[in-house]
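See structure below.
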Amino acid sequence: MMEQNANAGWLRPLIADRLTPYLEIDATRLQHNLQHMQQKADAAGVTLRPHIKTHKSVWIADQQRQLGARGITVSKPSEGVAFILGGERDLLLAYPVVHADTLTELLAVAVQYQARVTCIADCTLGVTAIAQAHRQQPTCELSIAIKVDVGLHRVGVDPHSGEAVALAQQIKAAGLPFAGLVSHAGHAYGAGHAEAIAEVAQQEIMLMNQVQQQLIAAGFARCRISVGSTPSALAAPVAEGSDEIRPGNYALLDLTAWRLGLCTPDALALSVVTRVVAVNPHFAIIDAGSKMLSSDKGPHGTNASGFGIAVDEQGYQYEVLKLSEEHGFLQYGDHAPALGALLRIFPNHSCAVVAQSDRFVLRHQDGTAEMKDIQGRGKFI
């Protein structure tokens with residue numbers, strides 16, 4: 001058992017109005033998180049294009065749009081299809097395309113609903129594949145941005161090479177609009193604390209400006225710079241020289257953000273409500289296992305010791321020590337939770353947890369709740 005924490009952010013009402021386990025999103029905390037990021041973007045004069053891979057919800061994306069977000073970022077083409085059908089009309093597909101058929105359905109739906117699509121590329125094969133897909137849907141409003149590797153070493157051109165110039169020339173030759181530069185400083189999650197994350201953000205914009213200058217020297221006009229990651233967006237001012245930010249996790253937040261010092265417990269909008277189904281001399285057992293919580297210990301190698309923090313109605317905290325598919329194992333020491341009691345679990349990684357469920361419970365401040373669909377989950381292609 002973890003020590004009882006007096007911070008009111010951990011202790012929230014547990015309302016027994018439905019079967020467990022289920023995802024719960026606190027409506028007030030969600031709205032506060034959305035407003036905070038939009039205000040930060042507005043104050044800096046940049047566009048907020050949220051990454052919806054965290055919440056995967058058309059309803060939440062609509063709340064972001066009403067507050068001032070312009071466009072969304074998606075992870076996979078099928079995710080983009082779900083959000084076009086849900087009303088979005090401006091999408092950045094932040095995933096590398098190397099096969100033209102990957103875009104077939106997305107571009108067809110985009111044409112049908114007059115949605116604008118921006119793809120990313122970091123190699124000549126990517127530009128060729130996107131151009132080929134566009135020839136199959138020539139009326140689609142499609143553009144290509146160049147992805148720059150600013151330190152995560154996952155996808156992107158080397159900012160110290162001339163790769164971006166060659167790709168921009170290829171995009172121009174293909175007759176497609178060049179949409180600018182895109183980066184994701186996901187390695188900021190591994191920086192450990194807010195000050196180090198702020199340094200990552202500064203390094204990111206420095207590298208992006210460096211690539212921008214390479215393009216200008218080659219005869220291209222100044223292009224848009226789009227940067228993204230919740231840690232860098234929360235830990236540092238919006239970098240001068242950027243035109244767009246693309247955080248995603250900020251909407252819900254999670255224990256990773258809390259451990260990095262990016263938020264207080266009171267800002268955590270997502271939790272899993274579960275019930276204690278067994279208590280033995282070794283563990284207290286809950287009805288939420290890996291099928292609900294996922295086995296994620298945190299993004300990009302942050303690697304927490306357990307699978308979340310469970311809190312009871314008195315504020316006692318228990319670490320979710322291990323998981324099987326349908327069960328979670330809580331370490332309880334000398335204070336076992338009561339059999340049948342409700343607990344609230346704050347997960348390590350909200351994006352991975354939302355991906356496990358078809359719906360979530362939106363809980364309002366007065367205790368009332370409504371069900372919302374998660375249209376973007378299960379979109380693997």
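Worth pointing out:
- The stretch 51-207, accessible surface, carbon-and-sulfur percent (1.4 angstrom probe): 52 percent
- Rh (Kirkwood; distinct C-alpha pairs) - the stretch 49-165, Å: 14.6 Å
- Residues of the stretch 135-173 with amide N under 20 Å of the 7 Å Cα→Cβ point at ALA221: 141-146, 165-173
- The spread of Cα positions in the stretch 226-381, taken along each principal axis and listed from longest to shortest, comes to 58, 37, 31 Å.
- Antiparallel bridges, percent of DSSP beta bridges restricted to the chain (to nearest 5): 50 percent
- Computing semi-axes √(5λ) of the Cα gyration tensor in Å for the structure here picks out one of (i) 52, 21, 18; (ii) 35, 22, 18; (iii) 40, 22, 18, namely (iii).
- Backbone amide hydrogens, once placed in the peptide plane, bring VAL277 within less than 5 Å of ILE285, ILE286, ASP287, GLY340, excluding anything fewer than 5 places away on its chain.
- The charge dipole of the chain, taken about its Cα centre with unit charges on the Cβ of Lys, Arg, Asp and Glu (plus for the first two, minus for the last two), comes to roughly 740 debye.
- Amide H contacts of GLY9 (H built 1.01 Å from N, under 5 Å, at least 5 apart or other chain): ASP266
- ASP42/SER161 FRET efficiency (R0 41 Å; Cβ-Cβ; nearest 0.05): 0.70
- Links that overshoot a 30 Å alpha carbon limit, given the list LYS40/LYS172; LYS147/LYS379; LYS40/LYS322: LYS40/LYS172; LYS40/LYS322
- Apportionment of accessible area to carbon and sulfur, the stretch 223-290, percent (1.4 Å): 55 percent
- The stretch 163-317: proportion of alpha-carbon pairs further apart than 25 angstrom, %: 47 percent
- J(HN,Hα) series, the stretch 361-373, from Karplus relation 6.51 cos²θ - 1.76 cosθ + 1.60, nearest Hz, glycine and proline x: 9, 8, 9, 8, 4, 7, x, 6, 8, 9, 8, 10, 7
- A simple spin-label model places the labels of THR28 and PHE380 4.1 nm from each other, with each point 7 Å out along Cα-to-Cβ.
- Ellipticity estimate at 222 nm from DSSP helix runs (n ≥ 4, -39,500 (n - 2.57)) divided over the chain, nearest 500: -9000 deg cm²/dmol
- Working from label points 7 Å from Cα in the Cα-to-Cβ sense, the HIS99 to LYS322 distance is 3.8 nm.
- Hydrodynamic analysis of the stretch 130-189 uses the Kirkwood radius over alpha carbon pairs. Inserted into Stokes-Einstein at 37 °C and 0.692 mPa s, it gives a translational diffusion coefficient of 260 µm²/s.
- Computed over protein heavy atoms with a 1.4 Å probe, the accessible surface of the chain works out to 41 Å² per residue.
- GNM flexibility winner over the chain from HIS282, HIS51, HIS187 (Cα, springs under 10 Å): HIS282
- Charges were assigned to the Cβ only: +1 to each Lys and Arg, -1 to each Asp and Glu. The resulting dipole of the stretch 1-99 about its Cα centre is roughly 220 debye.
The values are calculated or read from the model by the stated rules, or taken from the named source; none is laboratory data. Treat the numbers as computed from the prediction; the structure is a model and nothing was measured. Note that each Cβ is placed from the backbone with ideal geometry, even for glycine, and that neighbours are counted across all protein chains shown. Accessible surface areas use protein heavy atoms only, side chains included; no ligands, DNA or RNA. Shrake-Rupley method; radii C 1.70, N 1.55, O 1.52, S 1.80 Å.
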